[in-house]
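In what follows, a single structure is set out as structure tokens and then discussed.
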Amino acid sequence: MTRVALYARYSSDNQRDASIEDQFRICRERADREGWQIVAAYKDAAISGSSIVLRPGIQSLLQDAQGGHIDVILAEALDRLSRDQADIATVYKHLQFAGVPIVTLAEGEISELHVGLKGTMNALFLKDLAAKTHRGLRGRVEEGKSGGGICYGYNVVKQLDARGELIRGDREINQAEAGIVRRIFRDFASGVPPRTIARKLNEEHVPGPGGKPWNDTTIRGHVKRGTGIVNNELYVGRLIWNRLRYIKDPSTGKRVSRLNPRSEWIIRDVPDLRIVDDELWQSVRAKHEDIAEKFTNVSEGVQNSQRNLLNGARRPRTMLSGLVYCGCCGGPYSLRGANRFVCSTHVSKGTCDNNRTISRDELEKRVIAGLKDRLMAPEVVAEAMRAYAEETNRLNRERRSMRDAWNAEFKKVLKDIDQIIDAITEGMFHPSMKDKMTALEARKAELSVLLSGKPDTKPDILPSAAGIYAQKVSALNDALDQPDERHDASEALRQLIEKIVLTPGPERGEIFATLHGELNTILRWVEHQAADRNAKSGHAKAGNMGMSVSVVAGVGFEPTTFRL
């Protein structure tokens, strides 16, 4: 029986979850008429169709289709899968390779023609929708109403017009939040750092925008972009719209902002929404100018050819940058002040009680020692290698048990291909044969890969893995002392570390570290070392470590804890 997977999506928070069930219901009716067996149903609720990158439902669907668990995908229409031209073409190619056709209630079985024409139409629809939405929002702003979203300090006014329809864009002052806004302005104008303001608000359990904790960036924001509490001109009764535009990053699917030319900004006075008086607003502006002047003077004093050094310069990445985390809140540890690691959440928000710090040099020394002496302890290595061998052998047994089925399917695919070729030779060509042949060829290629090599009974594990690894770590440690080699050595050591978790100990100033290493990386190192040795001795490398490693990528050591 044909195995079918259903897919449904709706794109807006204003739509209902029932929309998903409505789509599933009519798809189930079609599957019943066709006699298909429904094996799975995937959905993405309140997620745009302009990108598949951030949609877990479609990603799971593609994985299962490529894994051979699905024969057909059924959806209400092609635009449910994606409205982006590039995305729908990519989805179609992957499914064609997996031999899984797309069938929709609106278009029938999807072909290259549907992908091209419908993809273009959907792209034009999105562009037209964006233009109409932008035009509608501008109309609201011209009337002094909000163009969307809700700023801290205001409430949405919900009321109906004479026809009973919701009037959008009206706002009113939230007096409780307005008091917090004025307090932030006063503190900032008096010289209190944004980080201190945020910590005090969090200590008093004052909820921030969206109910989240306060942090320094929420308060100071970005002056030119008008973000942050102290830069929002709505608080002085001035509504500015179209300052920023948003563009989707094709690599991540997320929106990023771009600053529009000032000539495109729409500015309207809304005195009834004023929270901060002019005197306090100007005091904050003056404080901004003082801060900017100090930064400029410092940077000019350090290097006359480089302005605004404190804002523009980035701290160079160190050996452990981005790898250290707090054991209390789970947030990152970062370098602050005198080259010491400190919990970023504790510093910026004050919501974490972990105030323990450690110098960068001391932590690096302990980590290197942990890699050499603790993480590669004989008993740890033995257990890791045993688990690795067991998992690899299990996967090998599964592959061997599947070989007979793959062989039988491979012969059938070859037979079907020959029959289509014979039919075409005899002049019995039909357009549907092209799609069928494409699917068969794709499956033939996939089966050829699966049957290309028979796995060994046991994985190729070198008995000297721990010794080789310890030698390489020791060599890298020596390279850290050489200025010309330090950068490359640091990058190599970073690859051996998954993460480092720092947790306060019971004694004053005490801090514990948990070092998480990656067995997959270590085995790759061992493989490369073995290849080098075999090349020098003239012997061929036995086994297939590359295959074994890739099969169990992600298998890791139990963490080793050591006191710093």
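Structure summary
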item: Solvent-accessible area of K132 with every protein chain in place, 1.4 Å probe, in Å² to the nearest 10; result: 110
item: With all protein chains modelled, accessible area of D484 [1.4 Å, Å²]; result: 150
item: Diffusion coefficient, µm² s⁻¹, Stokes-Einstein with Kirkwood Rh over alpha-carbon pairs of the range 161-214 at 20 °C and 1.002 mPa s; result: 161
item: Above-threshold pairs, the threshold being 22 Å between Cα atoms, out of K412/K436; K93/K118; K43/K254; K224/K287; K254/K349; K158/K349; result: K254/K349; K158/K349
item: Apportionment of accessible area to carbon and sulfur, the range 169-286, percent (1.4 Å); result: 48
item: Solvent-accessible heavy-atom area per residue, rounded to whole Å², over the range 66-184 at 1.4 Å; result: 53
item: Area of C328 that stays accessible when all protein chains are in place (1.4 Å probe, Å², to 10); result: 80
item: Accessible area of the range 73-117 belonging to carbon and sulfur atoms, whole % at 1.4 Å probe; result: 58
item: Cα centre as origin, Lys/Arg/Asp/Glu Cβ charges: the range 147-274 dipole, Debye; result: 520
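The values are calculated or read from the model by the stated rules, or taken from the named source; none is laboratory data. Computed from a predicted structure; not experimentally measured. Neighbour counts run over all protein chains shown; Cβ positions are idealised from the backbone, glycine included. Side chains included, ligands, DNA and RNA excluded: accessible areas come from the protein's heavy atoms. Shrake-Rupley method; radii C 1.70, N 1.55, O 1.52, S 1.80 Å.
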